[in-house]
Each structure stands twice: as structure tokens, then as C-alpha cells.
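The values are calculated or read from the model by the stated rules, or taken from the named source; none is laboratory data. Because the structure is a prediction, the values reported are computed rather than measured. Heads up, the Cβs are rebuilt from the backbone with ideal geometry, glycines too, and the neighbour counts pull from every protein chain shown. Protein only, heavy atoms only, side chains kept; ligands, DNA and RNA dropped before computing areas. Shrake-Rupley method; radii C 1.70, N 1.55, O 1.52, S 1.80 Å.
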Amino acid sequence: FATLGQKPTIQTFLERKVYFPHRQMKNGAWQITIPMNSDVLKEIEGNQVAFQDCFIADILFLLTTPLLTMPEIPGFLPISSPQGSQLIADWAACVPSSVVVVADMETFQTNNSFHTWTRIRVPPNILTDDERHSVSDVTLSEDGIFFLINDILYIKKFSAFTRLGEDVNLPNGGIIGITSRKWCWVKYLLKDKGRRSNMAVWTENEVYLGYTSLEFVKIITTEKLKELLNLSSAATLTIHNVEYTGHPLELAVLLNYCMTCNAIKKIYLAIYNEDTKQWVYQDFALDVTIDTFLIPHFIYSAMPELILQDKHRIYYYYHNFTDTGVVQTPTEFGNLSSLSHNSIIHDVFIDYYGNIMVKMENNVMFYFKINIKDALKLHLWTNSTIKSLISLNSSGQIYLIYVFENGTVHPQEYPLKLEAQSVTFNTKEKCPFMAFHNNIFGVFYFLDKGQNLTVWAQIVYLENIGLYIIVESYGPNILEKKDHVHYEIASGYCTKTMTITFSQNINYEAVDDYFKLQHENTGLLLVRVRPSDYAKTCPVAPKVFQIAVGCDAGKFIAVKGFNKKECLHYDFFYIIEKSYLRTRPSKHLRVQYNWEKYGCPLRVDFREKFHPLIQLYNENGYVEDVEVNFIVWEIHGRDDYSFNTTMKKSGCLNEAQTWKSMTKLNKHLPLEEAWGPENYKHCFSYAIGKPGDLNQPYEIINKSNHNHLVWPLDHSGMYVFRVKILDPNYSFCNLTTIFAIETFGMIPSPSAYLVAAFLFLLMLLFFTILVLSYFHYMRIYREYIYVPFYKSERKPKNN
């Protein structure tokens with residue numbers, strides 16, 4: 001393959017990052033090094049190299065950090081569902097190969113789609129024998145495995161099995177159901193800085209959301225729901241079932257509603273948004289018998305679309321509840337039990353490609369796709385006496401889980417595509433389009449202020465069929481959508497290409513309430529692009545993706561030329577004289593330089609001006625140089641610096657905003673909040689601001705206005721600046737960063753007291769020497785006055 005030009009790459013599914021193999025093959029294999037991150041779904045892609053007239057298919061696979069399974073501890077006892085019951089299972093939404101299965105003799109856990117597995121057992125003397133064999137539901141989470149036993153919730157951790165109740169804000173009993181998320185959304189936007197739950201727990205009258213670290217919060221009661229939904233206070237309202245929708249932040253609650261509650265009840269549906277904390281009543285009502293129990297399964301879609309199962313039929317609710325009915329079969333009017341030897345529905349499985357499989361208790365299976373209203377019976381695959389379940393493996397392929405009477409588990413791949421082609425071959429059903437292409441490679445897109453997103457989709461079909469492309473969105477009305485359709489026809493084939501652009505054109509400058517306007521125009525949209533007609537034989541599923549309008553938490557700014565590597569890493573203290581501080585305190589300020597926060601200071605000659613260049617980054621690295629306005633201030637309160645450009649030179653027609661004017665106007669706010677994009681007003685119009693002294697320094701900087709920081713000429717110092725983006729139309733994020741400047745080159749002027757003291761000592765020394773000299777010469781003078789000179793020169797005589 002390498003000789004023919006093959007060179008596979010690995011591409012992450014969400015971020016679409018591509019990793020290439022090393023230059024040299026080793027032992028006839030390619031080697032690719034990839035980092036471990038939250039984007040666990042990868043895809044191996046190769047060049048179009050043919051081998052015996054075939055190409056190698058691209059394949060998805062999961063690559064996660066090592067996942068732990070519960071150890072089998074000697075002496076622990078098995079936990080299971082009631083004797084003769086069907087399998088119960090749950091798996092991690094973003095790691096479908098991590099599964100827990102409850103059978104009527106044991107509970108099993110795997111992290112690799114049952115290539116290997118362990119038994120989950122519990123300590124003795126906690127549950128009775130009847131309780132150990134009475135599991136009615138199970139949920140897998142980061143905290144452990146939750147079991148619902150006789151209306152009481154338990155959690156199994158590595159070495160403990162604990163009953164949950166009032167100690168974690170849950171009822172001590174009366175719990176009728178638990179559920180976890182079914183669709184994987186690694187990224188999403190919480191604009192109100194809330195939290196996203198990972199499981200739901202409910203009683204007949206209350207709903208609780210569960211978070212990590214065993215934290216549970218009650219979000220609603222049926223009495224409150226009556227008020228919110230304007231239902232009769234005299235009626236009986238109970239919770240029927242709860243399920244997470246296809247939206248990453250929404251939860252659906254099915255409600256039983258009846259007046260006399262003898263024979264018939266109504267099923268209503270309300271959806272709760274975890275970000276806005278709002279309940280929305282849906283256009284949904286279904287009359288069923290009083291003993292009917294429905295299980296919802298939400299489709300991987302932008303709009304709230306779902307199918308419901310009872311014991312015998314499947315109900316569909318497509319296109320935001322506007323297209324409803326019972327999934328039909330070639331005979332028996334949709335009664336699946338009649339086509340499967342009177343067996344009842346055990347499970348419904350839906351994948352990301354739009355495939356829907358309905359499995360009966362005797363292992364008869366039916367197949368259809370999303371937005372399709374009829375189902376076909378698949379060929380018999382498994383013995384009717386074997387307990388089985390449908391799941392996804394680590395490559396995103398469907399496989400069957402078999403649990404045998406001897407307490408062993410066996411996985412078996414299920415070729416759904418071939419089986420579906422086999423049963424649809426005799427129906428002569430054909431996909432209405434030949435191809436459906438698009439450039440939507442991601443499932444999550446962030447839009448900040450001034451940005452737009454353009455995608456295209458193309459459909460090819462036979463002439464005179466009349467297909468078109470539909471774009472559906474679900475969420476707040478905060479984006480403008482423009483589309484353009486290009487149409488071609490040639491050789492009996494029609495090609496329609498639709499280009500869709502999502503944008504937001506709102507001016508946030510000089511508005512009355514900046515933060516309120518921002519909040520109203522941020523949020524999360526789900527978008528689906530699909531053909532106008534669909535069939536069970538169509539190989540391509542509609543495309544679903546998110547558009548988040550708001551602040552990307554991974555976005556940040558930095559000043560070019562500053563880092564934490566090119567200096568000695570240590571903290572130190574320095575003194576700022578009180579005359580250099582903005583508030584003019586009575587004492588000097590002693591400051592600790594925090595290297596971890598401030599990074600390496602840049603040493604600048606005091607005669608050099610400095611112009612900071614701001615750069616924008618995200619989690620993938622450098623994005624662009626920031627060209628819009630920004631401001632700087634010294635975080636410790638220094639104001640002994642200035643700017644080289646005046647308001648007049650900058651072209652101001654009225655007096656521009658300054659730190660002095662903004663702090664005076666916002667005395668109640670701290671310095672860092674006194675001036676920002678929320679109150680910025682430019683000075684280039686006579687209608688904005690007021691006349692004033694235009695010879696003042698212009699304190700607003702951008703990439704092109706050549707405004708520089710200017711240092712004092714009489715002293716050096718250490719300056720720690722914070723930068724804030726000032727342009728209100730640049731970003732939803734409050735973009736700030738810190739950089740430090742150390743000026744040098746100036747010989748510091750001595751203190752006047754020091755000079756006076758030095759002069760005093762110098763004068764004192766001078767007069768001391770003068771006085772000492774006087775007395776020294778006076779002694780010599782006296783000596784020669786009283787002792788005659790000739791005596792000193794007289795020579796002694798020789799005898």
C-alpha cells in the first residue's frame with residue numbers, strides 16, 4: 001500500500017484536527033502520535049489507493065484515557081433484575097463502549113464493548129436476597145453505577161455500596177425512574193454560567209437533576225407544573241416518564257393528566273431548559289388507557305422529535321410535533337406484537353446515522369429510519385430464548401450483547417447495512433436522491449460578534465422528482481439566515497446547491513444596557529440540514545450541528561513579546577513611592593511581584609516609547625492580531641506614565657474618555673470596572689461627548705493609531721499593566737491580559753534629605769579638618785616662640 005501511495009491520517013471527529021504518520025515506516029506499519037483530550041472519537045482516513053479494484057474504507061474508533069472497571073471482590077454477592085426479566089443496560093453517552101448490563105442472574109460491566117468484562121457485586125448484609133434480585137433500572141455515571149431497587153436509589157463505587165436519600169437531597173423512597181443522557185455533546189454553551197446535569201431522578205410528583213459528586217437538586221413538582229402549564233387544579237397530574245432530548249441542555253417530562261382516572265388518561269409533554277431554567281409546554285397530547293406505560297426515545301435532531309413505545313406499537317412525532325402517527329407495517333396496522341408471535345417490545349435503539357431498530361422480547365427485530373413512517377421486519381438473527389440487547393461498539397458499529405444462562409456475556413457484530421438492504425430489496429424502495437453532500441464537518445461552531453458561518457449542502461436527483469434542501473433551526477431567534485440556491489440540470493440529473501450564511505448584525509456601542517443586550521442576543525441554536533424527502537434505503541443521514549452565539553471560554557488575548565520562559569522565575573518585592581500613585585496615599589506602597597501571574601517583565605529603556613501589540617488566541621493557538629481599541633492601566637495604581645498622542649492628533653472632535661474622567665463618573669465602581677466596552681463612546685462626532693481640552697493625552701490604543709506609552713524621565717520603575725478590549729462590537733468575552741514593563745537607564749535622583757545630610761557631613765568634615773589644622777599649627781608656632789632657634793642648632797663640643 002505504501003508503494004502505491006497510501007499514507008493514512010488520523011482526524012479528530014469534533015475539532016477536525018489531522019495527525020500525520022511519522023516519516024519512516026516501522027516493521028511495515030505507519031506510526032501516528034496523537035494527544036489525549038476530550039475529543040475521544042477519531043477517524044482513520046486514507047488516500048484513494050485501489051487494491052484489487054477496492055478501496056479501504058475510513059473507520060471511526062474511540063481513544064479515551066484508561067477507564068476503570070469495578071473490581072470483583074471475594075465474598076461480595078451478585079445483584080440482578082427479577083428472575084425471567086429482560087436485560088437492562090446503560091452506557092456512557094460519549095464512550096458507548098463503556099456499558100453496564102443487568103441480567104436476571106448477574107450485573108456486568110465493560111469498557112471495551114464486552115471484549116473483556118467484570119461482574120458487579122455488592123457487599124453482604126446491606127441488601128436482603130430479595131432486594132439484591134430486584135433491580136428495576138440502572139444508570140452509569142462518573143460517580144459510579146446507580147441502581148434503582150424497590151423505589152430506592154443506591155450507588156456502587158469501587159469498594160462501597162451506598163443507599164442514597166435525604167443525605168444527598170433525594171427522597172428516601174418512592175423513586176420510580178432514573179435516566180442519563182443518550183446523545184453525546186462534548187461542547188455546548190451555558191450563557192448563564194449554570195451547570196449541566198448528567199442524570200435525572202423522579203418520583204410521581206417530583207423531578208431531581210443529578211450532578212457530579214452526588215449532588216441532586218429538585219427542579220419541579222407536579223403542583224408547580226399545574227400552575228406553569230395552566231392546568232386545572234382539580235385534575236390529577238403525575239409524572240409518567242422523563243428523558244433527555246437531543247438538545248444538550250434540555251430534559252423532557254411526560255405527564256399523566258386525568259380527571260376521573262378510571263379508563264383513559266392524557267399524556268402531555270413539557271420540556272425544561274437547564275440554561276434558561278424555563279419550562280415550555282409542547283403541542284403534544286396523546287389519549288391512552290390508564291394502564292399504558294410509554295417510553296420516549298428522542299431522535300438525534302435539531303427539533304424536538306421523538307418516538308414512543310408501548311408494549312405493541314411505536315408512535316412517531318416528527319418535525320416539532322407537526323407530523324404524528326403510528327409507525328406502520330405491511331400488515332397488522334403497526335401492531336408489532338402480531339408480527340412477532342405476540343411478543344412485546346423490549347427495546348428501541350437509535351444511532352447517529354438515523355437508523356432505528358425495534359427489538360422484541362423474543363429477539364424479532366424491526367427496522368426503519370428517522371422521518372420514516374413504516375417499518376420492515378428484519379431477518380431472524382438470534383434464538384428467541386437468548387437474552388440480548390443492541391448497542392454501539394468503539395467503532396460506532398452496531399453489535400448485539402448476548403447474556404447466557406451460565407453467567408457469561410458474548411458480543412456479536414450486527415451488519416445492519418447489509419440486513420437493511422436485504423429486506424428492502426424486495427420492496428423495490430429506492431432513495432429519492434442520488435447524492436447528498438455538504439461541508440459541515442463539525443458538530444459545534446462558535447460565533448462571536450462580527451463573525452458569520454457559511455455552509456453549503458448539495459443534492460443530486462433524477463429529473464422531475466422535485467427535491468430541495470430544508471434547513472431547520474431550534475433555539476432563540478438571535479441569528480439572521482440568508483440562503484442562496486444554485487440549480488443545474490444535465491443528462492437527466494438535477495443538482496441543487498444551497499449556501500446558507502448565519503450572522504448577527506447588532507451594534508452594541510453606546511446602548512442603554514450593554515449587558516442586557518448581550519444576554520438577549522446570546523444562546524445556543526441547533527441546526528439540521530436535510531433533503532425534503534427520505535427513504536429507508538438512503539445511505540446518508542441529515543446533518544445536525546450546534547451554533548453557539550456568545551463567549552468562547554477558550555478564547556484569550558496576550559501581548560506579543562511576553563512569556564514566562566525567558567527570565568529567572570522568582571517572586572520579589574519592590575516599593576512604589578506614594579507620589580507615583582493615583583490616589584496619593586500617605587505611605588509608600590510595597591508590592592510583591594507574582595511571577596506566576598505577571599510573567600517575565602520586559603526591560604525597556606526609559607527613553608523608548610512602547611506600543612503593545614495584542615494578539616487573540618483560542619485553544620487551537622494563534623488566531624489574529626487585535627486591531628480594535630483597547631485600554632491599559634497599572635494594576636497597583638501607578639499613574640506616572642503617559643501617552644505620546646493627544647486627542648487632537650487622534651482626530652477627536654470632542655473630548656475623549658480618559659481614566660480620570662471615567663473614574664470620576666463611576667466613583668462607586670472599582671478601577672477595573674469604571675471603563676470598558678459597556679460605557680465606551682468615541683470622540684469622532686460632534687453629537688457624542690462634549691467640547692474640552694483636546695491637548696490632553698489620548699489614552700485609547702489600537703494597532704494602527706501609533707499611540708505609545710511614555711515613561712517618566714526622572715526615575716525608573718516596575719509597571720504591571722492590565723489590558724482590556726474596549727471595542728463593544730469585538731467580542732462577547734471580557735478579554736483582558738497582564739504584562740509587566742521594567743524601565744531602566746535613568747540614574748535615580750537622590751532625596752533632598754539625603755543631599756542635605758551629605759552636605760552637612762561634608763561641611764562638618766571640612767570645619768573639623770580646618771579646626772584641627774589650626775590647633776596643629778598653633779602648637780608648632782608656640783614651640784618655636786618659646787625655644788630659641790639657635791639652641792636647636794648648637795653643636796656639642798668635643799672634650
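Report the residue count in the range 127-161 for those that are exposed (fewer than 14 other Cβ atoms within 10 Å of the Cβ) and among the charged types (D, E, K, R).
The qualifying residues number 4.
Are there any pairs, at least 6 apart or on different chains, whose C-beta atoms fall under 7 Å, with the first in the range 222-236 and farther than 13 Å from Tyr281 by Cα and outside any helix (DSSP H, G or I) and the second of a type in the set (Ser, Thr, Tyr) and open to solvent by 80 Å² or more (accessible area, probe 1.4 Å), and if so, which?
Pairs found: none.
Tally time: how many residues in the range 18-37 are in a loop (DSSP other than H, G, I, E, B) and exposed (fewer than 12 other Cβ atoms within 10 Å of the Cβ)?
Applying the first criterion (in a loop (DSSP other than H, G, I, E, B)) to the range 18-37 yields 20-25, 27-28, 30-37.
Then keep just the ones that are exposed (fewer than 12 other Cβ atoms within 10 Å of the Cβ); that gives 22-24, 27-28, 31, 33, 35-36.
Result for the range 18-37: 9.
Go through the range 272-312 and give me each residue that's over 16 Å from Asn241 (Cβ atoms) and in contact with a Gly (Cβ under 9 Å, 6 or more places away or on another chain).
Across the range 272-312, the qualifying residues are Glu274, Asp275, Thr276, Lys277, Ile299, Tyr300, Ser301, Ala302, Met303, Glu305, His312.
Among the numbered criteria (1) β-branched (Val, Ile, Thr); (2) in a loop (DSSP other than H, G, I, E, B); (3) over 25 Å from the mean Cα position of the chain (by Cα); (4) surrounded by 14 or more Cβ atoms within 10 Å (Cβ to Cβ), which one does Thr495 miss?
The single condition Thr495 does not satisfy is (2).
Hey, among Ser716, Ser731, which residue is out of contact with any Leu (no Cβ under 7 Å at 6 or more places or on another chain), under 24 Å from Ile614 (Cβ atoms) and not aliphatic (A, V, I, L, M)?
Numbers: Ser716 fails: under 24 Å from Ile614 (Cβ atoms).
Ser731 is the lone residue from the list that is out of contact with any Leu (no Cβ under 7 Å at 6 or more places or on another chain), under 24 Å from Ile614 (Cβ atoms) and not aliphatic (A, V, I, L, M).
Condition check ((1) part of a loop (DSSP other than H, G, I, E, B); (2) touching a Cys at 6+ places or on another chain (Cβ under 9 Å); (3) closer than 27 Å to Gln546 by Cα) across all residues:
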position	(1), (2), (3)
Val242	no, no, yes
Ala252	no, no, yes
Cys261	yes, no, no
Tyr272	no, no, yes
Asp291	yes, no, no
Pro304	yes, no, yes
Lys311	yes, no, no
Tyr316	no, no, yes
Phe321	yes, no, yes
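Can you confirm whether the range 332-346 contains a residue that is under 27 Å from Leu249 (Cα atoms) and either open to solvent by 30 Å² or more (accessible area, probe 1.4 Å) or not aromatic (Phe, Trp, Tyr) (or both)?
No.
In the range 94-126, what residues are open to solvent by 10 Å² or more (accessible area, probe 1.4 Å), under 33 Å from the mean Cα position of the chain (by Cα) and more than 30 Å from Val443 (Cβ to Cβ)?
Across the range 94-126, the qualifying residues are Thr116, Trp117, Thr118.
Six or more apart or on different chains, Cβ atoms under 7 Å: show the pairs whose first residue is in the range 500-527 and closer than 25 Å to Tyr188 by Cβ and open to solvent by 10 Å² or more (accessible area, probe 1.4 Å) and whose second is assigned to a strand (DSSP E or B) and of a type in the set (Asp, Glu).
That search, which allows pairs on different chains as well, returns Ser503/Glu480; Gln504/Glu480; Asn505/Glu480.
Give me a count of the residues in the range 697-706 that are open to solvent by 50 Å² or more (accessible area, probe 1.4 Å) and either over 30 Å from Leu616 (Cα atoms) or out of contact with any strand residue (DSSP E or B) (no Cβ under 9 Å at 6 or more places or on another chain) (or both).
Selection size over the range 697-706: 2.
Of all residues in the range 604-624, which are in contact with a strand residue (DSSP E or B) (Cβ under 6 Å, 6 or more places away or on another chain) and open to solvent by 40 Å² or more (accessible area, probe 1.4 Å)? Give the steps one after another, and end with the answer.
Step one: of the range 604-624, the residues in contact with a strand residue (DSSP E or B) (Cβ under 6 Å, 6 or more places away or on another chain) are 604, 606, 609-610, 612, 614-617, 623-624.
Answer for the range 604-624, where residues must be in contact with a strand residue (DSSP E or B) (Cβ under 6 Å, 6 or more places away or on another chain) and open to solvent by 40 Å² or more (accessible area, probe 1.4 Å): Lys609, Tyr617, Val623, Glu624.
So, Ala285, is that one outside any loop (DSSP other than H, G, I, E, B), small (Gly, Ala, Ser) and either surrounded by fewer than 20 Cβ atoms within 10 Å (Cβ to Cβ) or touching a His at 6+ places or on another chain (Cβ under 6 Å) (or both) or not?
Working: outside any loop (DSSP other than H, G, I, E, B): yes; small (Gly, Ala, Ser): yes; either surrounded by fewer than 20 Cβ atoms within 10 Å (Cβ to Cβ) or touching a His at 6+ places or on another chain (Cβ under 6 Å) (or both): yes.
Yes: the conditions hold for Ala285.
Yes or no, residue by residue, for (1) open to solvent by 20 Å² or more (accessible area, probe 1.4 Å); (2) touching a residue at least 40 places away in the same chain (Cβ under 8 Å); (3) not aromatic (Phe, Trp, Tyr):
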| position | (1), (2), (3) |
| --- | --- |
| Gly651 | yes, no, yes |
| Trp659 | no, yes, no |
| Lys664 | yes, no, yes |
| Leu669 | yes, no, yes |
| Gly676 | no, yes, yes |
| Tyr680 | no, yes, no |
| Phe684 | yes, no, no |
| Ala687 | yes, no, yes |
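Where in the range 384-424 are the strands (runs of 3 or more DSSP E), entirely inside, with at least 3 residues that are open to solvent by less than 10 Å² (accessible area, probe 1.4 Å) and under 22 Å from Ile372 (Cα atoms)?
Numbers: elements: 387-392, 398-403, 409-413.
Result: empty, no element qualifies.
To keep it simple, each residue is scored yes or no on (1) in contact with a Pro (Cβ under 7 Å, 6 or more places away or on another chain); (2) in contact (Cβ under 8 Å) with a residue 40 or more places away in the chain; (3) not in a strand (DSSP E or B).
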{"residue": "Tyr445", "(1), (2), (3)": "no, yes, no"}
{"residue": "Gly450", "(1), (2), (3)": "no, yes, yes"}
{"residue": "Val455", "(1), (2), (3)": "no, yes, no"}
{"residue": "Gln458", "(1), (2), (3)": "no, yes, no"}
{"residue": "His484", "(1), (2), (3)": "no, no, no"}
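If only one of Ile500, Ile465 is within 17 Å of Arg530 (Cα to Cα), in contact with an Asp or Glu (Cβ under 7 Å, 6 or more places away or on another chain) and β-branched (Val, Ile, Thr), which one is it? Before the answer, list the steps.
Values: Ile465 fails: in contact with an Asp or Glu (Cβ under 7 Å, 6 or more places away or on another chain).
Ile500 is the lone residue from the list that is within 17 Å of Arg530 (Cα to Cα), in contact with an Asp or Glu (Cβ under 7 Å, 6 or more places away or on another chain) and β-branched (Val, Ile, Thr).
Is at least one residue of the range 574-591 buried (at least 18 other Cβ atoms within 10 Å of the Cβ), of a type outside the set (Val, Ile, Thr) and in contact with a helix residue (DSSP H, G or I) (Cβ under 7 Å, 6 or more places away or on another chain)?
If we filter the range 574-591 for residues that are buried (at least 18 other Cβ atoms within 10 Å of the Cβ), which is where we start, we get 576, 580-581.
Subset that is of a type outside the set (Val, Ile, Thr): 580-581.
Keeping just the survivors that are in contact with a helix residue (DSSP H, G or I) (Cβ under 7 Å, 6 or more places away or on another chain) gives none.
The answer is no, given that none of the residues of the range 574-591 is buried (at least 18 other Cβ atoms within 10 Å of the Cβ), of a type outside the set (Val, Ile, Thr) and in contact with a helix residue (DSSP H, G or I) (Cβ under 7 Å, 6 or more places away or on another chain).
Which numbered condition trips up Thr322, out of (1) at pLDDT below 95; (2) closer than 22 Å to Thr238 by Cα; (3) out of contact with any Phe, Trp or Tyr (no Cβ under 6 Å at 6 or more places or on another chain); (4) not acidic (Asp, Glu)?
Unmet for Thr322, out of (1) at pLDDT below 95; (2) closer than 22 Å to Thr238 by Cα; (3) out of contact with any Phe, Trp or Tyr (no Cβ under 6 Å at 6 or more places or on another chain); (4) not acidic (Asp, Glu): (2).
Keeping to the range 528-558, report how many residues are open to solvent by less than 10 Å² (accessible area, probe 1.4 Å) and closer than 30 Å to Pro601 by Cβ.
Count: 1.
Does Thr64 meet the test of being β-branched (Val, Ile, Thr) and either in a strand (DSSP E or B) or open to solvent by 50 Å² or more (accessible area, probe 1.4 Å) (or both)?
Working: β-branched (Val, Ile, Thr): yes; either in a strand (DSSP E or B) or open to solvent by 50 Å² or more (accessible area, probe 1.4 Å) (or both): no.
The answer is no for Thr64.
I'd like to check something: does the range 447-459 contain any residue that is among the basic types (Lys, Arg) and open to solvent by less than 20 Å² (accessible area, probe 1.4 Å)? First the steps, then the outcome.
From the range 447-459, those among the basic types (Lys, Arg) are 449; that's our starting set.
Remaining after also requiring open to solvent by less than 20 Å² (accessible area, probe 1.4 Å): 449.
So far as the range 447-459 goes, yes, one or more of its residues are among the basic types (Lys, Arg) and open to solvent by less than 20 Å² (accessible area, probe 1.4 Å).
Taking only the range 38-56 into account, find how many residues are among the aliphatic types (A, V, I, L, M) and open to solvent by 90 Å² or more (accessible area, probe 1.4 Å).
Filtering the range 38-56 down to residues among the aliphatic types (A, V, I, L, M) leaves 40-41, 44, 49-50, 56.
After this cut, where a residue has to be open to solvent by 90 Å² or more (accessible area, probe 1.4 Å) as well, the list is 56.
Adding up the residues that qualify gives 1.
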